[in-house]
Amino acid sequence: MPEVNAYAIDSPTGRYEKTTITRREPGPTEVYFDIAYAGICHSDIHTARGEWGKTLYPLVAGHEIAGVVSKVGSEVTKFKVGDRVGVGCFVDSCGECDMCQDGEEQFCTNRERGTVGTYNAIGRDGEPTAGGYSQAITVEQNYLMHIPDEMSLEHAAPLMCAGITTYSPLKHWGAGPGKKVAVIGLGGLGHVAVQLAAKMGAEVTAFGRTLAKRDDGLKLGATDYVATQDIDAMKKLRNTFDIVVSTISDGVELDTLIGLTRPHGVVVNLGLPSDGKATFSLGRLINGNRVIAGSNIGGIPETQEMLDFCADNDVRPIVEIIPADEINEAYDNVVNSKVRYRYVIDTSTMG
Ligand SMILES: [Zn+2]
Ligand SMILES: [Zn+2]
C-alpha cells in the first residue's frame, strides 16, 4: 500500500507536523490521485482544534483537494490516468437512499453507512479518513469531480468547499437577474459568493465589519459595499434584499439580517457558531413571510455543475499558495481574518 507524506496534528492544542500515512490501493471502482493543492477551510481549524465535538487524532485535515489521477481500479469508467480531479467534503455514502439517488449525497440517510467525511470519519476500509494535507488519496469514483481544462488546480481546490457551499444556496433561492443579493462577510466563502451571485446576474451588495475590503468587494462584482458597523447605512437598507447569504457565525444579530430582507426574502446561514444556537424574533419572520434557511455544501452533480459554471464565467477564488510548514501560522491568520482570501497548500512542499 502506498505511503505518502502528510501533515497531521495530534491534539486540540497541537501543531501540524510532517508525517507519513498509508493510502489503500484503489479497489475496482476507486481512483488514486496525486494531490497538488489543498485549501485551508475554517472547518479544518474548528475540527483540528476540537471545537466541533469529537476529533479523531492524529488528524490530517483538508477537504478542498485538487490533483491528477495516477491509478484507477479495473472497473473505473469515469476517470483515467492523467485526469485532473477534485474532492470536496465527503468521499463516500450509501449510494442507494433517496438523497443519494437524487444527487444529494451529503444528506445520505443510511444509518449504517451514511455520508463519510473526507477527514475525521471512518472510511469504507474501517480506518479513519485522512484529508488533503497529504500527497495522494484513494477515492471511490462517484465522489470525484472533473476539473475543467480552463481552471488551474490551485483555483479549483478552494471551490470544492467554498465554491459549492455558496453556489448551492444562491441557486436554490433563485439568485439571478432582477434579484438583489446581500453577502455578509467577505472572507473565504464571501469573496466567492459575491462573484457567483454577480455572474448569475443578481445585483450584489457586500457587507464587511468595516470598509477595509471595500475595493476588493467592488472588484469581485458587488455594486455596493457596506460596513455592518454603520448603523445608519444598515437602517437605509431595510426591506431591500431577496436573498441574504450570511457567511459569518457571529458579529451581526440575526434580526438585523432578517431586517435587510424584503417580504418573502430569505436569510441563508452558512456560518455555524460554536454552540450551534441562534436567537431571532419570530415576529420579524411572520411579518412579510420571511424565511430563515441553512445550507450545507452540495451533492456531487451540483459540485460538478458549480465547477463548470466557474470555469465558464471566470469565477476564481483569490488564493495565497503556502508551503506545508506554514499551516500552523496560516491557521492563526485565518482565525484573525488576515487571509486574503484563501490559503492553499502546495503539497509538493511536503517532500
Ligand atoms: Zn470547508
Ligand atoms: Zn445514501
### Query
In whole percent, what relative contact order does segment 162-294 give with Cα contacts below 8 Å and a gap of six or more residues?
21
### Query
How high is the relative contact order of segment 232-290, in percent, with contacts defined as C-alpha pairs under 8 Å that are six or more residues apart?
38
### Task
Would you list, by chain and number, the lysines whose Cα falls below 24 Å from the Cα of Lys213, excluding same-chain residues fewer than 8 positions away?
Lys179, Lys180, Lys199, Lys235, Lys236, Lys338
### Query
Given a Förster radius of 22 Å and the C-beta distance between Thr77 and Asp314 as r, what FRET efficiency does 1/(1 + (r/R0)^6) yield to the nearest 0.05?
0.10
### Message
I need the phi-derived Karplus couplings for segment 162-173: 6.51 cos²θ - 1.76 cosθ + 1.60, θ = phi - 60°, integer Hz, Gly and Pro marked x.
### Response
4, x, 6, 4, 9, 5, 4, x, 4, 5, 4, 8
### Task
Mind putting a number on the dipole of the chain about its Cα centre? Charges go on the C-beta only, +1 for Lys and Arg and -1 for Asp and Glu, and I need it in Debye to the nearest 20.
1140
### Query
Using Cα pairs under 8 angstrom and six or more residues apart, how large is the relative contact order of the chain, in percent?
18
### Summary
So the FRET efficiency between Gln229 and Asp346, C-beta based with R0 = 41 Å and rounded to 0.05, is 0.65
### Task
Straight distance only, please: which aspartates and glutamates reach the Cα of Lys54 with their own Cα at less than 18 Å, same-chain residues fewer than 8 apart left out?
Asp10, Asp44, Glu127, Asp275
## Note on the structure
Using alpha-carbon positions, the gyration tensor of the chain gives root eigenvalues a ≥ b ≥ c; with a/c under 1.5 called rounded, otherwise prolate if a/b exceeds b/c, else oblate, the class is prolate
### Query
Ranking Cys100, Cys41 by Cβ neighbours within 10 Å, fewest first, what do you get?
Cys100, Cys41
#### Entry: GNM result for the chain, Cα springs below 10 Å: residue of Gly62, Gly259, Gly299 fluctuating most strongly
Gly259
### Summary
Per the rule of 0.36 nm per residue minus the C-alpha distance, extending Asn239 to Lys54 adds in nm 62.5 nm
### Task
Only bridges with both residues in the chain count here: give the DSSP antiparallel percent, nearest 5.
55
### Message
Just to confirm a number: summing +1 for Lys and Arg and -1 for Asp and Glu over residues other than Gly82 whose beta-carbon lies under 14 angstrom from that of Gly82, what do you get?
### Response
+1
### Task
Pick out which of Thr261, Thr19, Thr247 has the largest mean-square fluctuation in a Gaussian network model of the chain, springs linking Cα atoms closer than 10 Å.
Thr19
### Task
Would you please give the FRET efficiency between Arg124 and Ser70, computed as 1/(1 + (r/R0)^6) with r the Cβ-Cβ distance and R0 = 25 Å, to the nearest 0.05?
0.80
### Query
Which residue, chosen from Met151, Leu285, Ile40, occupies the Cα position most advanced towards the positive end of the dipole of the chain, where the dipole is computed from +1 (Lys, Arg) and -1 (Asp, Glu) charges on Cβ about the Cα centre?
Leu285
### Task
Name all residues of segment 48-89 having a backbone nitrogen under 14 Å from the label point set 7 Å from the Cα of Val335 along its Cα→Cβ direction, giving them as ranges.
48-52
### Query
When the distances between all Cα atoms of segment 17-175 are binned every 5 Å from zero, what whole-number percent does each bin get?
2, 9, 17, 22, 23, 17, 8, 3, 0, 0
### Summary
Per-residue ellipticity at 222 nm attributable to helices in the chain (runs of n ≥ 4 DSSP H, -39500 (n - 2.57) apiece, nearest 500 deg cm²/dmol) works out to -6000 deg cm²/dmol
### Query
Quick one: putting +1 on the C-beta of Lys and Arg, -1 on the C-beta of Asp and Glu, what dipole do you get for segment 162-294 around its Cα centre, in Debye to the nearest 20?
300
### Query
For segment 162-294, what is the convex hull volume of its Cα atoms per residue in Å³?
95
### Query
Gaussian network model of the chain, Cα springs within a sub-10 Å range: biggest mean-square fluctuation belongs to which of Gly201, Gly298, Gly39?
Gly201
### Message
Need the list of lysines near Lys71 for cross-linking: C-alpha distance under 21 angstrom, and skip anything on the same chain fewer than eight residues off.
### Response
Lys80
### Query
Say each of Ser152 and Ala293 gets a label point 7 Å from the Cα, pointing the same way as Cα to Cβ; how far apart are those two points in nm?
3.4
### Message
If Rh is defined by the Kirkwood formula over all Cα pairs and Rg also comes from Cα, what ratio Rg/Rh do you get for segment 202-250?
### Response
0.93
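Where a number appears in this text, it was derived from the coordinates with a stated rule and is not lab data. Quantities reported herein were computed from a predicted structural model and do not represent experimental measurements. As a convention, Cβ positions derive from the backbone with ideal geometry for all residues, glycine included, and neighbour counts pool all protein chains shown.
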